[in-house]
Structure formats: C-alpha cells, structure tokens
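This report refers to the structure that appears directly beneath it.
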Amino acid sequence: MNVDATLHRALTNLARRQAPRGSWPSDYGGPMFLLPMWVALAYVTKRLPSEARTARVLTYFTNVQRPDGSIGLHAESTSGSMFTSTLTYVAMRLLGLPASDERLTRLLTWIHANGGALGAASWGKFTLCLLGLYDWKGIVPLLPELWLLPAEAPMNPGRLWCHARMVYLPMAWLYGTKSTAPDDPLLRAIRHELYQGRYADVRWEAQRDVVAKADSYRPATAALKGVNLAQVGLEKLPTLLRKRALDECLKLIRHEDAATHDLDIGPVNAVLNMFVHHFRGAAGREDFERGWPKFDDAYLWDGHDGLKMQGYNNAELWDTAFAIQALTAAEKSGALTTEETSSVLGKAYDFLRANQILEDVPEAARHYRHASRGGWPFSNREHGWPITDCTAEGLKCALALEGRFASKIPDALLHDSVRLILSWQNEDGGWGTYEKQRGGTWLEALNPSQVFGDIMIDTSFVECSSACVQALVKAKERFGRTFDLDEAIGRGVAFIRSQQRDDGSFEGSWAVCFTYGTWFAISALRAAGARKDDSAVRRAVAFLLGKQRADGSWSEAGDTCRERRWLEGTEGHVAQTSWALSALVRGGCEDQAALDRAAQWLCARQEADGSWAREPLVGVFNRTCLINYDCYRHYFPVWALAEWKQRGHLTTSVGSP
C-alpha cells in the first residue's frame, strides 16, 4: 500500500470534515453523569426536550446500558456506577418511561442489588437533593461561608483546581439555600421505586458517608472524615454570615457566566449555575433565559449512538492545532504539497487566529482567575478559559504557519502567549492545566468526589509540561533574545525526567495512557536537545517496543488509567499506535522492522474514504472517566505516517501487514 496515497486520502477526509469556520467539530461525549443532570434541570424548569429529542436521549441511554443493567461512569465502563445508574434511572423516568419498561426494571434491579441509591457518590446524592429524592440532611455540608475566607487561607475554595471550585461554587449556594424542586406525583413515584417504599424510614444523617462499593474509587481519608465532622458541627451553629456568603457565591457565579458568555467552564457547573438562577425566582430569570440556549448551542450532541451531553462546549481549538501539525508534517515529508493543503490549512489558520484570547477577564484576581491574554482555549474564544497545553499547541501552529497567509497574528500577541506560558510554570518546573498550582498536594486527601482521582488541585502533568517546553523551544528559535527561556525550558525538562517510571514509561493523565504520556515525554526531551542515546529516551523507546503487538499495533485498555498500570487492549488502536510510532521516530528508534510493522498496520486500517473507523474511547480525565476525542483517529495517523516517511528510514511503499 502506498503511503503517499494513504496521506492523500486522509487529506480528502480531513477537508470533508472541516467546518466552514476552519475547525473540526466532533463528538466529545462519554461521561455518563452529564446528561442525567441536564434532564433533571430540564424537568425542574419545565424545559423537557421534544418528543423526537427525547427519543434520541433514550436511544443513547439504551446504547450505553451494560449487560447487567447498570450504567457505568462513562459510556464504555467495564463496571456499573451507583452514581450514574441512579441518575440515569431518574432521568429516564422524568423523560416519560414507565417503571415497567424492561430497561428500567433491569436498571433498578442492579441498583437495589448493589446497595441502593443511598450509596450513590456525592455528586449523585447532591443532584437527587435538588429533585427532592434525597434529603439535604444526608449529605456533608457544603458551607458557602468558606468563600468568605481570606484568599490565602488553605481552605478557601479558590485554591482548588478550577473545575473543582467551579462545581463546588454553585453547590455551596444550592446547599446553603437547601433548594429543592416542588414535589409532584412522578417524583413521589420515583422516590418510592428507588427506596422500595421506605424513604420515610431513612436515618439521613447516617447516610452522609455511605458509598456503594461501585463508587468507592477514592474512599474517605481520616483527614476528610475529620473535616466533614467539623463542617457538620459548624452547620449546626447559628451564623450571621450565611446571607453574606450566599451573596458572595452568587457574585462569583454571575462573573463566571459573564466571562464565559454563559457557557461556563464545563457542563456540570453550567447545569448547576442554571439551577441557581432558577431557584432565585424572578431575580434569576434573565440569567436563566440567557444561559438556557447554550446547552443546545454548545453541549448537546446528536451522535451515531444518540443524543448526549459533551464534556466541554467543544474541542475545536485542540483538534485544529493537532490537525495543522499533522498536515504540515505531511508537507515536510513530501507526500503533500503546499498547494494541496493550502485551502484546509488556510481555514484552520483563520480559526486559530480568530480564537486566541485577546484580553484578561475583568477583576481577575478578585474572581480567582489567572491572566488570559495571549492564550488559547480548548474550544473557542467565546468560552474564554485559556489552557497551558492548548496555548502551547496554538503557539506552535502560529509559528509554523507564520507568513503563509495574508492575516498574520501580530508579534505582540505571540509575545503575550510566551509570557502566559511562563507565568503558568509551577515551582516543580512543570505545568498544570489552567493555572499555577494554588494549593498543597495534601488537599487531595480531602477529595470528596469518591469516583474521581486527582481532582482537588492543578498539579503538573507530563503532557502539559511537554507541550509548553516544545512551544518555548520554538519561541526561542523565533524570538531569539526577546525572552530568556533557557531556565524555564531546563526546569520543564527536569520535571519531565522526574516523572519517568522504573519501566521507562511516562504516565499520561489526559488520554489512555502510557503510549500518550511517553509520546509527549520523548517529544519534549528531543525538542529540548536530548540525544537519542540519552538514558531517558532510550528507556522510553525500549518500553514502547516492548508493548508492540505482533501485528505492529499498540493497544491499552481504558482501565489502565484507573489502575495506573499497563492493561492490554483487545485490538490494536489507531491513536495509540500513532503516538507510539511518532514517539519511536522522534526518539531515534533503530528497530526498522518495528517501525515498518506500525506503519503497515496504520495504512491497512484506513477506510476507503480516507478516514479511520471508530474505536474505543481514548481520552480520560481524573483517572476514571473516559471521554471521546473522535478526531484523534483522523489526524494522528497522518502525523505519525508523515514523520515516519520524513525520517527517510523507509520507502514510500509498504506491503500488507
């Protein structure tokens, strides 16, 4: 099979999928707690979807239901979750399915057999409280008064990872007001079904720490139990600060709405913020009406398996940056000409330029926000939260395409990007996601989520650190003495080296898992000047070679992230094979046969239309929840094959696997 022909077909596929605005919109679903929370909001606010859309939601729930009747934490979970099973049962009932429906009887049987709704993880219990299906006395207090603590106080929520604090912000307001939907016959029926008619007999205070085995990924530590007891005690005391605390929460909520054009940082706090505005009554009506359409505009996605809720408003900037780099690599390989790629790359560059963030949010420090100017977001400028690796990948693309198209990104904005990346660097030399680390690592001992790991603080990650190091290396080449970048690059490289495991691998945190992390690590080390005989590079290359399958592919199972050890997948995976091949090429691997087999496998897997078929979810967050990066299968093979060809190790034609 001819590699040049493979890359030409892939270009046709990417051009066909590109939106007029220059990006690649795609399915970013997978987490199974998002859609039920939105359904709960739609029911409480009397905004249930149309009959046709309801059918598509039910189709999605049906397609992801496990053989044992349960719903997993994500769409491909290998086990059920009480959190998502309970919320999905409730959502399907709220959408009109009768309790006698076979899907619901199987689901409810699993719930009762595995501890019942009383064992749902904390976010599940919280959502049930909003519906009157769980008593507020049965959850650990979420004290809004914590938001009145000085900014430097260890327990001020502003020190948390931004996703955590933006979820717990509306939760604190809703808990502080004990907001609950009015009771009605359907809710009473669901309550009877979930608790088998014994709801009135539940001792709610005794349920605060109850969690089903299925949801106990991060059991409560002694420290968390102590803090929870303290909060229970404080909640019993009379306070004159509650109204002031609620007002403070509301100010922060409304600032988040305004700064993100009502998108909010993600779908969970978008739903919860809308609950806040609904329960504010007439005072919140304008905020609610402005925000409600954003779910249709940004979060709901009607995919091949039904109508779902995406994990972000979209992944367009992230996907566009990688697609740009894949196509420019194909140009360098000689497989594609600049004339052939000009239209696609021109539109992609326009999207990149149009979605750089041009200003900081108002009163950033007052609202616990880092600087934003010069950054790039995961999705688009409207969303407005810049991210370290998105900014780094955006800067790399801006520099790679500089001068090719009429509308140039000004040097001043590129300088802002460099300064922003530098401002994000942590004390350990690495980079987190959105901000510098604000709280101590000890805060993870207070993780109350039960189902997620590493959710409390924004620690440094191999992938984010690698992207930033690579971008700074390119910035050094472009801007020379404008910036002194050597120290930052050196500290970043030192952090990455410190993360290498005994087997030579690097653990990824945002995709599955060791192929991803090791690709990023090798890329940064080599970009920063490490030789191919560098010990860290050699050990990483050896690790990847040791995991190659007989057919030339690589495959890691999704539970690798949860268990933090390599688990072999059932079939070769296009994205993981692309990362591994690229890492081996960049790492100077001399095992030509291994490179040949990987390239042959990728070529053979291409579909006639230039695409690559759907495969198991490969994205992940917080150790446990897989998420769909649907575009990964379309551009990462292009990038890896182009680099393989560019290195000149092989001819442009390879045989069948």
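The values are calculated or read from the model by the stated rules, or taken from the named source; none is laboratory data. Just so we're clear, the structure is a prediction, and the values are computed from it rather than from any experiment. Here the Cβ is made from the backbone with ideal geometry for all residues, glycine too, and neighbour counts use every protein chain on show.
Summary of computed values
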| item | result |
| --- | --- |
| Filtered residues of region 189-208 (kept if loosely packed, with under 15 Cβ neighbours inside 10 Å and either within 30 Å of the chain's Cα centre (by Cα) or under 18 Å from residue 138 (Cβ atoms) (or both)) | 192, 196, 197, 198, 200, 201, 203, 204, 205, 206 |
| Hey, residue 84 over 15 Å from residue 306 (Cα atoms), surrounded by 22 or more Cβ atoms within 10 Å (Cβ to Cβ), among the hydroxyl-bearing types (Ser, Thr, Tyr) and not assigned by TED's automatic domain parsing to the domain that holds residue 617 or not | yes |
| Qualifying residue in region 494-511 (condition: hydrophobic (A, V, I, L, M, F, W, C), surrounded by fewer than 19 Cβ atoms within 10 Å (Cβ to Cβ) and under 27 Å from the mean Cα position of the chain (by Cα)) | yes |
| Pick from region 175-192, criterion touching a helix residue (DSSP H, G or I) at 6+ places or on another chain (Cβ under 6 Å) and touching a residue at least 60 places away in the same chain (Cβ under 8 Å), ranking: nearest to residue 232 (Cα to Cα) | 176 |
| The one condition in (1) part of a loop (DSSP other than H, G, I, E, B); (2) at positive phi that residue 480 fails to fulfil | (1) |
| Looking only at region 134-190, and only at residues there that are of a type in the set (Asp, Glu) and in a loop (DSSP other than H, G, I, E, B), the one that is nearest to residue 365 (Cα to Cα) | 152 |
| Top-ranked residue in region 297-318 [being among the acidic types (Asp, Glu) and under 26 Å from residue 394 (Cβ atoms); ranked as modelled with the highest pLDDT] | 316 |
| Residue among 624, 570 that alone is within 27 Å of residue 459 (Cβ to Cβ) and hydroxyl-bearing (Ser, Thr, Tyr) | 624 |
| Test for residue 217: is it of a type in the set (Phe, Trp, Tyr) and within 28 Å of residue 438 (Cα to Cα) | yes |
| Pairs, first without any contact (Cβ under 8 Å) to a residue 60 or more places away in the chain in region 64-91, second basic (Lys, Arg), C-beta under 6 Å, six or more apart | 69/106 |
| Selected residue (only one of 469, 473 is of a type in the set (A, V, I, L, M) and either assigned to a loop (DSSP other than H, G, I, E, B) or surrounded by fewer than 23 Cβ atoms within 10 Å (Cβ to Cβ) (or both)) | 473 |
| Filtered residue count, region 356-371, keeping only those that are free of Cβ contacts under 8 Å to residues at least 60 places away in the same chain and surrounded by 21 or more Cβ atoms within 10 Å (Cβ to Cβ) | 1 |
| Per-region count, region 94-124, residues charged (D, E, K, R) and either touching a residue at least 40 places away in the same chain (Cβ under 8 Å) or not assigned by TED's automatic domain parsing to the domain that holds residue 70 (or both) | 2 |
| Those residues of region 294-319 which are of a type in the set (Asp, Glu) and crowded, with 24+ Cβ neighbours inside 10 Å, in sequence order | 316, 319 |
| Condition check for residue 209: modelled with pLDDT under 95 and of a type in the set (D, E, K, R) | yes |
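Residue-by-condition table, conditions (1) surrounded by 21 or more Cβ atoms within 10 Å (Cβ to Cβ); (2) under 29 Å from the mean Cα position of the chain (by Cα); (3) within 21 Å of residue 635 (Cβ to Cβ); (4) β-branched (Val, Ile, Thr):
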| position | (1), (2), (3), (4) |
| --- | --- |
| 519 | yes, yes, yes, no |
| 532 | no, no, no, no |
| 542 | no, no, no, no |
| 555 | yes, yes, yes, no |
| 593 | no, no, no, no |
| 614 | no, yes, yes, no |
